[in-house]
Amino acid sequence: MQKPDALIIGGGLVGLAIAYGMARSGRQVRVLDEGDSALRAARGNFGLLWVQGKGYRKSAYAQWTRQSVALWPQLAAYLREDSGVDVCLQQAGGFQLCLSEAEMAEESQRLAWLQQALDGDYPFELLSPGELRKRLPGVGPDVVGACYSPMDGQVNPLKLLRALYAGCRRHGVQIDNGHRVDAIRQVGDGLEVRAGDQRWQAGQLVLAAGLGNRSLGALLGADVPVQPNRGQILVTERLAPFLHYPTTYVRQTDEGTVQLGDSMEAVGYDDRGSAEVMADIAQRGVRCFPLLADVRLVRAWGALRVLSPDGLPIYQTLPECPQVFVASCHSGVTLAAAHALWLAPWLSGQGQLPDVQPFGLARFQSASEVQHAG
């Protein structure tokens, strides 16, 4: 019988960030990961640290996102010290490229609302085509303008995953792969988790299994309403550096490859690639940067995002089982710093509870009750 202080189910970006932060706080932590059979969101990540536009009409999410990105230099420094991995953090700002006047107007409205909601502390610029091309010389003629914010940035998501894994191991976290949890029950003042014929006990349990949180929550009588949304990514051959800032559709990695993406597809649990969607992604990328027209593609894949009904994260201590904490989000890279440096210490009994009340499960129950009453 394994008995760490805390057991975390899920070895992706969310689970490992929390495990890393808890272990740095002195807790004995074990991570159970389903392995390659899981619907891994981390493998499809675009690597953006993105604040711009997030939290429209949901200012708590805008604030949480911005606070996490502000913590990122500290997280990157800790990871480099503990793992030796440079996650290639860049925080020089990012561009939302607009391919029509309607897109430009919509994005401008969102940013103006956010700036007002955050009492003016939300920097951005609206760039005309001429102003944009001075900053991004390779932008194509179809781009009618852009919104720029110095709050945005990027990292290498695969190096981040590697750094979190190595950092966890450095601080004594035990990571077990290939375990699909099929039962959770309370035992005394702790919990017992079962995967096949293996069992673990811990005083605290964190559910950070992405889309798997729905079935894990159900084992404890909780409805965790996460749902899949497919995104697809194309990767080109390595090119000479030409794009020194991330954009929402196209970004160049530290290794020289170019990633193209940003599809949003409600296709259930189908994570396969779609030729039609990939063609649209490629066409949009070429419209943004015509120099990509004759570049070879070397990889393509689809992955499933973890979305709540309103798009916000879910952070909740289960009222029926206060030893269990649920953590779900679709911005595992952007929010990694908040998870490791704020949420994890609080879960370890150190520091004050971050302002996560707006991200609790009660908001869905209230919406359901209103809908039912109507």
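All of the numbers you see were taken from the coordinates with simple rules; none came from a lab. All values derive from a computational prediction rather than experimental measurement. Please note: Cβ atoms are built from the backbone with ideal geometry, for glycine as well, and neighbour counts cover all protein chains shown.
A few remarks follow.
- Net charge of Cβ neighbours under 11 Å - reference Gly167; Lys, Arg +1; Asp, Glu -1: +3
- Label zone (Asp176, point 7 Å along Cα-to-C-beta; backbone nitrogen cut-off 15 Å) within the stretch 2-37: 2-11, 29-35.
- Cα centroid of the stretch 253-278 to Cα centroid of the stretch 283-351, whole Å: 16 Å
- Candidates Ala70, Ala163, Ala282 compared by Cα position along the dipole of the chain: farthest toward the positive end lies Ala163, with charges placed on Cβ.
- Within the stretch 94-150: Cβ-based charge dipole about Cα centre, in debye rounded to nearest 20 (Lys, Arg +1; Asp, Glu -1): 240 debye
- Ordering Leu16, Gln174, Leu291 by the projection of their Cα atoms onto the charge dipole of the chain, which places +1 on the Cβ of Lys and Arg and -1 on the Cβ of Asp and Glu, puts Gln174 at the extreme positive end.
- With the helix formula -39500 (n - 2.57) applied to DSSP H stretches of n ≥ 4, the chain reaches a computed 222 nm mean residue ellipticity of -9500 deg cm²/dmol.
- Here r is the Cβ-Cβ distance between Val144 and His244 and R0 is 22 Å; the resulting FRET efficiency, rounded to 0.05, is 0.50.
- The GluC sites (Glu not before Pro) of the stretch 81-112 include none that meets both criteria, a DSSP state outside H, G, I, E and B (loop) and at most 12 other C-beta atoms within 10 angstrom of the site's C-beta.
- Modelled spin labels at Asp197 and Arg80, positioned 7 Å past Cα toward Cβ, are 4.8 nm from each other.
- Here the Karplus curve 6.51 cos²θ - 1.76 cosθ + 1.60, taken at θ = phi - 60°, turns the phi angles of the stretch 100-110 into couplings of 7, 5, 5, 4, 5, 5, 5, 5, 4, 5, 4 Hz, with x standing for Gly and Pro.
- Three-way shape label, the stretch 94-150, alpha-carbon gyration tensor, a/c 1.5: oblate
- Selected from Ser149, Trp113, Pro129, residue furthest toward positive end of dipole (the stretch 94-150; charges at beta carbon): Pro129
- Computed magnitude of the charge dipole of the chain (debye, nearest 20; Cβ of K, R +1, Cβ of D, E -1): 680 debye
- 0 to 90° range, to nearest 10: angle between helix 362-373 axis and the chain longest Cα axis: 80 degrees
- Degrees separating the helix 13-24 axis from the principal Cα axis of the chain, which is the longest one: 60 degrees
- On Cα atoms only, tilt of 59-83 relative to the major axis of the chain in degrees: 80 degrees
- Within the chain, percent of DSSP bridges classed antiparallel, to nearest 5: 70 percent
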